[in-house]
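Enquirer: This is the structure I want to talk about, given as structure tokens.
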Amino acid sequence: EGAAEHRHMLVQAIHRCAMDFPDVAGAAVPLLMSFLVDGESTSGLDVIHFVREILETNRKLQPVVLGRLLDIFGQIRSSRVCSCGLWILGEYSNTAEEVGRALDVIKESVGRLPFYAVAEDGVA
């Protein structure tokens with residue numbers, strides 16, 4: 001219980017510093033994004049909302065932040081963090097390459113979808 005509260009306070013403090021001093025945001029965001037894969041959804045939600053805010057206010061960090069999100073997306077376990085991450089990928093993937101990479105990561109994370117069953121003769 002105490003660790004989760006301390007983690008929440010840490011995320012909030014780094015968030016405030018990064019917003020007050022935009023020059024440190026480039027170093028703070030990748031560090032904070034490691035909390036996205038944590039099982040604690042409260043700190044993960046704080047971080048993903050912070051990531052969304054940084055992407056909106058600091059456009060030059062978009063490629064780095066999107067790349068980091070794509071790198072860890074498959075490890076995210078909280079559905080609320082994942083849904084916000086999906087929104088971020090959809091909103092800020094601007095080039096064809098970014099969209100393609102985002103789709104590949106999403107497909108890989110979801111896994112094989114059972115949309116049809118293969119009949120024994122090989123025809124669905």
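The values are calculated or read from the model by the stated rules, or taken from the named source; none is laboratory data. What you see is a predicted model; the values in this text were computed from it and never measured. Quick reminder, even Gly has a Cβ in these numbers, built from the backbone with ideal geometry, and neighbours come from all protein chains shown. Just the protein is used for accessible areas: all its heavy atoms, side chains included, with ligands, DNA and RNA removed. Shrake-Rupley method; radii C 1.70, N 1.55, O 1.52, S 1.80 Å.
Enquirer: How many times 2.2 N^0.38 Å is the alpha carbon radius of gyration of segment 40-110?
Expert: It is 1.02.
Enquirer: If DNA, RNA and ligands are ignored and the probe is 1.4 Å, what is the ranking of Ser79, Ser93, Ser34 by accessible area, most exposed first?
Expert: Per-residue accessible area, sorted high to low, gives Ser79, Ser34, Ser93.
Enquirer: Rolling a 1.4 Å sphere over the protein heavy atoms, what is the accessible area per residue of the chain, to the nearest Å²?
Expert: 62 Å²
Enquirer: Something else now. Say R0 is 41 Å: what FRET efficiency, to the nearest 0.05, do Ser79 and Phe21 get from their beta-carbon distance?
Expert: The computed FRET efficiency comes out at 0.80.
Enquirer: Extent of the chain along each principal axis, from alpha carbon coordinates, in Å, largest to smallest?
Expert: 63, 39, 16
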